[in-house]
Amino acid sequence: MNTFIEACQQAIGTEHVLTSAEDLAPYLRDQRGRYIGVACAVARPGTTEEVAQLVRLCQQYRVPIVPQGGNTGLVLGSVPDQSGTALLLSLRRLNRIRHIDPLNQTMTVEAGCILQNVQQAARDAKRLFPLSLGAEGSCTIGGNLSSNAGGTAVLRYGNSRELCLGLEVVTPQGDIWDGLRGLRKDNTGYDLRDLYIGAEGTLGIITAAVLKLFPQPVAIRTAFIALESVDHALQFLTLTQQRCSAALTGFELMSSFCLELVRRHFPETPPLFAQTYPQYVLLELSDHESESHANTLLETVIAHALQEGIVADAVVASSLSQSSALWQWRERIPLAQASEGKNIKHDISLPISRIADFVCDTDAQLKQRYPGVRLVTFGHLGDGNLHYNVAGPTDIPDHRFLENQQAINRLVHDNVHAYDGSISAEHGLGALKREEILRYKSPVEMQLMGQIKQALDPHHLMNPGKVL
């Protein structure tokens, strides 16, 4: 192992190969602080060629590789196991924006670019890069693509996969595939780009990408909607899609308990309504015509929904600061959850038409089996992605309630499968759900995935123990 580490130091410089426990520590702890892995070293290459050199060394010495971006993942996909044999490959130094092409509406960036910096570079070019996540101040483009991250604007713009036109990838053999073509049509064989996106670093290492840009909207309008049920929220979604079409950018569902948590842990957050309602929706429109057109769209759809009894009440932001205040309710839910204590998280997706029935059935089953359980349900209703989290009763210590995690996961995931959904909507599988997925994917599907892995990474050195 010493010979391998010395070879890595020679390839990219001693200062960029970390070996002390103190230097390694920040890279080895997962985002939620539940797990700490072990690595033989952390390498921080600064160019694609240096990544390729390190991968070739790993092949030569048969050393596993764990790629890492901002280490904001939630399924243990970017930290090594306990064996201590892996090289953790941090891509944070690959942080250059290589090219912006406003006419082609594209931007070529390296994998270590922070998402927030990419958003700002697009704004500076009078364009929009619409991917938006809670971790956008620290997550990286490479990680976003490797996990096919979603976020709050999937309804209008799609997942990371839809926002990427081309990739640069270092293969498990240390070759560099230059697929950085900003083409919207390229029907010349297998789509390798789609193969690497969402693969969580198990098939190769994304080092750069061509991203789609969009015109900046002329006006953005935000409203907070109170509803009596999830079914009413779905009716309102259908109405808004019919009336507003592509202008509908965000449609975020939050249960009453979510807002209760925010009020409890962020008491400075101003109240929205005079009374409490069972469900809420945060609605956002992005309009490319005019301010008045955006206002008319929003006012018309809310007025019609109120008249039809679909919506119980509404608060409409009249300024950017008010819009930001409304978004704080949604963005503070995960923080309020963490302050409240431990909970059992589920990142799931369902056919939109079946969400109300799933929530009703699963809520009832959990409350019957675990009296006093508290359900924190929120997420991107417009694209069918729910964060369906389960908190224990207030009179039971967290550690005792977490003893039920496996049984609760089974109940929730079995219901997701029964409703034709997925147990991972936007977080990926990583190591956390690698075994769980075997219960829900068919043998044929698992066999095909295994054959792809074997063909591209026959020595199984790329992020071992993740996905498969």
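The values are calculated or read from the model by the stated rules, or taken from the named source; none is laboratory data. What you are looking at is a predicted structure, and each value in this text was computed from that prediction instead of being measured. Neighbour counts run over all protein chains shown; Cβ positions are idealised from the backbone, glycine included. Areas reflect the complete protein model, heavy atoms only, side chains present, ligands, DNA and RNA absent. Shrake-Rupley method; radii C 1.70, N 1.55, O 1.52, S 1.80 Å.
Key figures for this structure:
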{"quantity": "Kirkwood Rh in Å, taken over all unlike Cα pairs in segment 367-468", "calculated": "15.9"}
{"quantity": "Surface per residue (accessible, 1.4 Å probe) for segment 169-296, Å²", "calculated": "43"}
{"quantity": "For segment 250-255, Karplus couplings with θ = phi - 60° (6.51, -1.76, 1.60), whole Hz, Gly/Pro x", "calculated": "x, 8, 9, 8, 9, 7"}
{"quantity": "Accessible-area composition of the chain, carbon plus sulfur, in percent [1.4 Å probe]", "calculated": "50"}
{"quantity": "Using alpha-carbon coordinates, inclination of helix 443-456 to the longest axis of the chain, degrees", "calculated": "40"}
{"quantity": "Value in Å of the Kirkwood radius, where segment 1-58 supplies the Cα pairs that are averaged", "calculated": "12.1"}
{"quantity": "Folded to 0 to 90 degrees: helix 256-265 orientation relative to the chain principal axis, Cα", "calculated": "70"}
{"quantity": "Reduced Cα scattering model of segment 255-335, Debye log10 I(q)/I(0), q = 0.21 Å⁻¹", "calculated": "-1.09"}
{"quantity": "Long-range amide H partners of CYS164 with built H, under 5 Å", "calculated": "LYS212"}
{"quantity": "Residue-level accessible surface for SER424, protein heavy atoms, 1.4 Å, Å²", "calculated": "20"}
{"quantity": "Residue-normalised accessible area of segment 362-468, expressed per residue, 1.4 Å probe, Å²", "calculated": "47"}
{"quantity": "Relative contact order (percent, whole number), the chain, Cα cutoff 8 Å, 6+ residue spacing", "calculated": "15"}
{"quantity": "Mean projected area in nm² (Cα convex hull; one quarter of hull surface) for segment 186-244", "calculated": "8.4"}
{"quantity": "Derived scalar couplings ³J(HN,Hα) [segment 311-317; Karplus, 6.51 cos²θ - 1.76 cosθ + 1.60; whole Hz; x for Gly, Pro]", "calculated": "10, 8, 6, 8, 10, 10, 6"}
{"quantity": "Two-site FRET efficiency, TYR35 against TYR440, from Cβ-Cβ distance with R₀ of 30 Å, rounded to 0.05", "calculated": "0.80"}
{"quantity": "Quarter of Cα convex hull surface for the chain, i.e. mean projection, nm²", "calculated": "23.0"}
{"quantity": "Cα long-axis angle, helix 405-418 against the chain (0 to 90 degrees, to the nearest 10)", "calculated": "70"}
{"quantity": "Amide N proximity, segment 327-344 versus ARG410 label position 7 Å along Cα-to-Cβ, cut-off under 19 Å", "calculated": "344"}
{"quantity": "Simple spin-label estimate for ARG354 and GLN328 in nanometres, 7 Å along Cα-Cβ", "calculated": "3.9"}
{"quantity": "Accessible surface, per residue, of segment 1-73 when the full set of protein chains is kept, probe 1.4 Å, Å²", "calculated": "45"}
{"quantity": "Computed helical MRE - 222 nm, the chain, DSSP H runs ≥ 4 contributing -39500 (n - 2.57), nearest 500", "calculated": "-10500 deg cm²/dmol"}
{"quantity": "Under Karplus coefficients 6.51, -1.76 and 1.60, residue-wise ³J(HN,Hα) of segment 327-334 in Hz, glycine/proline x", "calculated": "5, 4, 4, 6, 6, 8, 4, x"}
{"quantity": "Amide proton proximity set for ALA149, modelled H, under 5 Å, gap of 5+", "calculated": "SER160"}
{"quantity": "Pairs beyond 29 Å (Cα-Cα), from LYS185/LYS453; LYS342/LYS466; LYS342/LYS367; LYS185/LYS466; LYS367/LYS433; LYS212/LYS441", "calculated": "LYS185/LYS466; LYS212/LYS441"}
{"quantity": "Percentage, to the nearest whole number, of Cα pairs in segment 1-134 over 27 Å apart", "calculated": "29"}
{"quantity": "Debye, to nearest 20: dipole size of the chain, +1 on Lys, Arg Cβ, -1 on Asp, Glu Cβ", "calculated": "480"}
{"quantity": "Segment 139-265, relative contact order in percent, only Cα pairs under 8 angstrom and at least six apart counted", "calculated": "30"}
{"quantity": "Cβ crowding within 10 Å averaged over residues, with 262-272, 168-178, 98-108 ranked highest first", "calculated": "168-178, 98-108, 262-272"}
{"quantity": "Among ASN187, ALA356, LEU155 - extreme Cα towards positive end, dipole of the chain, charges at beta-carbon", "calculated": "ASN187"}
{"quantity": "Angstrom value of the Kirkwood radius, inverse mean 1/r, which spans all Cα pairs in segment 133-260", "calculated": "17.2"}
{"quantity": "All-pairs alpha carbon distance profile, segment 155-228, 10 Å steps from 0, percent", "calculated": "16, 40, 22, 13, 8, 1"}
{"quantity": "Simple Cβ-charge dipole of segment 25-114, Lys/Arg +1 and Asp/Glu -1, about Cα centre, in debye nearest 20", "calculated": "200"}
{"quantity": "Distance between modelled label sites at HIS99 and GLN60, nm, 7 Å Cα→Cβ extension", "calculated": "3.2"}
{"quantity": "Amide H partners (placed H, <5 Å) of THR207, local residues excluded", "calculated": "GLU168, VAL169, VAL170"}
{"quantity": "Length added when fully stretched, PHE214-HIS417, from 0.36 nm per residue minus Cα-Cα", "calculated": "69.5 nm"}
